2 protein chains.
Amino acid sequence: MGGLSEADIIACLSSGYPARSDVKLGVGDDGAVLTPPPGRDLVSVLDTINEGVHFPAGTPAAAIAHRALAVNLSDLAAMGAEPAWASLSLSLPAADAAWLEDFAGGFRQLADACGVALVGGDTVRGPLSVAVQLIGFVDPGRCLTRASAQAGDLVVISGTPGCAAAGLRLIDSTAAAAEPLRKAFLWPTPRLALGQALPGMASAAIDISDGLLTDLGRLLVASGVGATVDLERLPLAAAAVALLNQETALALACNGGDDYELCFTLPAAAAAELPALASRGGCQLTSIGRITAGSALDCRFKGEPAAAPESGRWSHFDGEQT
Amino acid sequence: MGGLSEADIIACLSSGYPARSDVKLGVGDDGAVLTPPPGRDLVSVLDTINEGVHFPAGTPAAAIAHRALAVNLSDLAAMGAEPAWASLSLSLPAADAAWLEDFAGGFRQLADACGVALVGGDTVRGPLSVAVQLIGFVDPGRCLTRASAQAGDLVVISGTPGCAAAGLRLIDSTAAAAEPLRKAFLWPTPRLALGQALPGMASAAIDISDGLLTDLGRLLVASGVGATVDLERLPLAAAAVALLNQETALALACNGGDDYELCFTLPAAAAAELPALASRGGCQLTSIGRITAGSALDCRFKGEPAAAPESGRWSHFDGEQT
């Protein structure tokens, strides 16, 4: 299979990472030996992406690696954690040297940018699938969860949700305007700086990788509250509106997944801090509604009750409903 | 798909675990929040098993879950670590309630027996595949690695390697004598007690999940040494000899994978401790050879040079060579 042994594959995947002093033993033994930072808690996440489910066949190898790591970095961001150690389990139907180099480069580039060391994992034969496990650090009591939103809090989102889903729909488009949308799908940016700026400010947070309304709904259930969302305040990407239309762009903003933006709740008294938070997070922040005392997720359009868009929704187990 | 939502699946998989005081936040948020034990190092492992590669289609769900966890427990055992926290990423083609209950039960039973809490992970659509990540604890400086074997050390193995590979060959056999072999394949026992007894005694260790000679070879490379193995000292399961024949049983003991036994090296001065180690480890231990100053892995049969059996070898990337 391309002349690559398992040892060749491991060497290709694991070379070029900067040393971290808290990694006593990295890739190459039965396990990695790691020294946790004294007095801090760990945040552990593990997410898998599969070909044909989370990315189409033919996606560039570097983009697959980037996505597998970004999905997990986004989960750490939503917890307010600082990423540290990654493990990678790669299932491959065949070991192709060029593909593997490309994959390793994509993983390394994002890991480097986030200060993450690859410390272990495995490589096995099977349908193309990438599982990444990450460990990050948080100060005790400073971890963000989904469970502490309070009635009256603002509902805030980062970036322009729906871009990635629009990019996936336009993956074969030749329109120049589709390029930033495709980029949003292929090279999502986890909101690590924002996540680390939120503890002590936000009351609750979640990443909206499964779609804004779906993930906001999970936050509401976990917190035992409701929310009102003003649909006209959702920031839509101009390219998505131009290439798909307003209604579709809004539906994708509500229901499209794979953006890895954060949705968080902010006590109303801290509303004036939003511009400073946006600056520290390096991204646009938009207040789109309010937490309510009930349990319903109500949508409004310019003050009038409105049905939540149903299209563009995605469930890994039910398939896409368009 | 069987009426199961992702939330149903997560509830099925994550219920029934005993509380651990070091788990501040378990399954259900974007990540798990864990408090590491002060002054100890962490050992992190991540291994995936795929249907059709690591287990045949039709393997009972509980046995698949057991295997996915056992593979990783075995890696922790080889490092001398005490298992603590598991994350589970399950790729499923469809969500079947009965299958999932069976799977969850198999995972929980082994986790409970080892004091492991399930703290996170994900469930996604895709070909049947199970990735498990485990974190264990070791005292600093007490971790076992592959890299410290010394010339003159004994080469020791636990149990009777080759049983699992024999069980896989006899998976459809109706012979009563095949049952313990099938059990060795379907329900492997990670050698946790032995692993935790080895630090301070063994000079190096590895688990032999890919086959004794393959994994011993890795230990030799990591340590920069050679070894001589006396093939007639390999403990063979009587059932494997009876049902397959002596030659095949020996080849599977040398090359068959999936046993999750440990191979370790012991300074010759500690040879008298082997019975006590076997007692603490709860398993048979057999000295099968010696570490040498060279770099070759030489096999002997009753003192005469002998070729290493070639059959029964397994490589995830090259396929089985029989």
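Coordinate-derived values only; no laboratory data. Because the structure is a prediction, the values reported are computed rather than measured. Heads up, the Cβs are rebuilt from the backbone with ideal geometry, glycines too, and the neighbour counts pull from every protein chain shown.
The long axis of helix A:97-113 is offset from the longest Cα principal axis of chain A by roughly 50 degrees. Restricting to bridges with both residues inside the range A:217-306, how much of the DSSP beta-bridge set is antiparallel, in percent to the nearest 5? Here the antiparallel bridges make up roughly 65 percent for the range A:217-306.
For the peptide A:133-140, the mean number of other protein chain Cβ atoms found within 10 angstrom of a residue's Cβ is 4. In terms of its C-alpha gyration tensor, the range A:1-93 has an oblate overall shape, because the principal axis ratio a/c (a ≥ b ≥ c, square roots of the eigenvalues) is not below 1.5 and a/b does not outweigh b/c. Here the range B:246-306 and the range A:174-244 have alpha carbon centers that stand 56 Å from each other. All distinct Cα pairs of the range A:105-240 go into the 1/r average, and the inverse of that average, the Kirkwood radius, is 17.7 Å.
Taking the Cα centre of the range B:154-306 as origin and assigning +1 to Lys and Arg Cβ atoms and -1 to Asp and Glu Cβ atoms, the resulting dipole is close to 220 debye.
Ordering A:19-32, A:259-272, B:5-18, B:149-162 by mean Cβ neighbour count within 10 Å, with the highest value first, yields B:149-162, A:259-272, A:19-32, B:5-18. Could you tell me how far the Cα centroid of the range A:32-98 sits from the Cα centroid of the range A:101-162, in Å? Between the Cα centres of the range A:101-162 and the range A:32-98 lies a distance of 7 Å.
With label points set 7 Å from Cα along Cα→Cβ, the inter-copy distances at A:SER15 are 5.1 nm, sorted shortest first.
For B:ASP122, the amide hydrogen comes within under 5 Å of the amide hydrogens of B:LEU88, B:SER89, B:LEU90, counting only partners 5 or more places away or on other chains and with H modelled in the peptide plane. For B:ASP139, the point set 7 Å out from Cα toward Cβ sits 3.3 nm from its twins in the other copies, listed from shortest up.
One compactness figure for the protein assembly as shown is 1.01, namely its Cα radius of gyration divided by 2.2 N^0.38 Å. Ranking A:GLY120, A:LEU134, A:LEU110 by Cα position along the charge dipole of the range A:98-145, where only Lys, Arg, Asp and Glu carry charges on their C-beta atoms, puts A:LEU134 farthest toward the positive end. Volume per residue for chain A equals 135 cubic angstrom (convex hull of Cα atoms). Per-residue mean of foreign Cβ neighbours for B:202-208 is 1 (Cβ atoms of other chains, 10 Å radius).
If you sort the three axes of the alpha carbon gyration tensor as a ≥ b ≥ c, you get a/c of 1.5 or more for the range A:184-273 and a/b above b/c, which makes it prolate. When the inverse distances between all different Cα atoms of the range A:103-159 are averaged and flipped, the Kirkwood radius reads 15.7 angstrom. Karplus-derived 3J(HN,Hα) values for the range A:165-170, using 6.51 cos²θ - 1.76 cosθ + 1.60 with θ = phi - 60°, are 5, 5, x, 5, 5, 9 Hz; glycine and proline are entered as x. Extending 7 Å from the Cα toward the beta-carbon at both A:LYS183 and B:ASP8 defines two label points whose distance is 4.3 nm.
Direction-averaged projected area, Cα convex hull, the range A:133-199: 6.9 nm², rounded to one decimal.
For chain A, the longest principal axis of the alpha carbon atoms and the long axis of helix A:212-223 meet at an angle near 80°.
Placing unit charges on the Cβ atoms only, positive for Lys and Arg and negative for Asp and Glu, gives chain B a dipole magnitude near 660 debye about its Cα centre. Here the protein assembly as shown carries DSSP beta bridges of which approximately 75% are antiparallel, counting only pairs with both residues inside. Seen from every direction in turn and averaged, the convex hull around the alpha carbons of the range B:167-322 projects onto 9.8 nm². Each copy carries a label point for B:ARG300 at 7 Å from Cα toward Cβ; from one copy, the others' points are 8.7 nm away, ordered from shortest. Take each residue in A:111-120, count the other chain C-beta atoms within 10 Å of its C-beta, and the mean is 1. Sorted on the mean count of surrounding Cβ atoms within 10 Å across their residues, most packed first, peptides B:194-204, A:56-66 read B:194-204, A:56-66. The trypsin sites (Lys or Arg not before Pro) of the range A:215-312 meeting both criteria, a DSSP state outside H, G, I, E and B (loop) and at most 13 other C-beta atoms within 10 angstrom of the site's C-beta, are A:LYS302.
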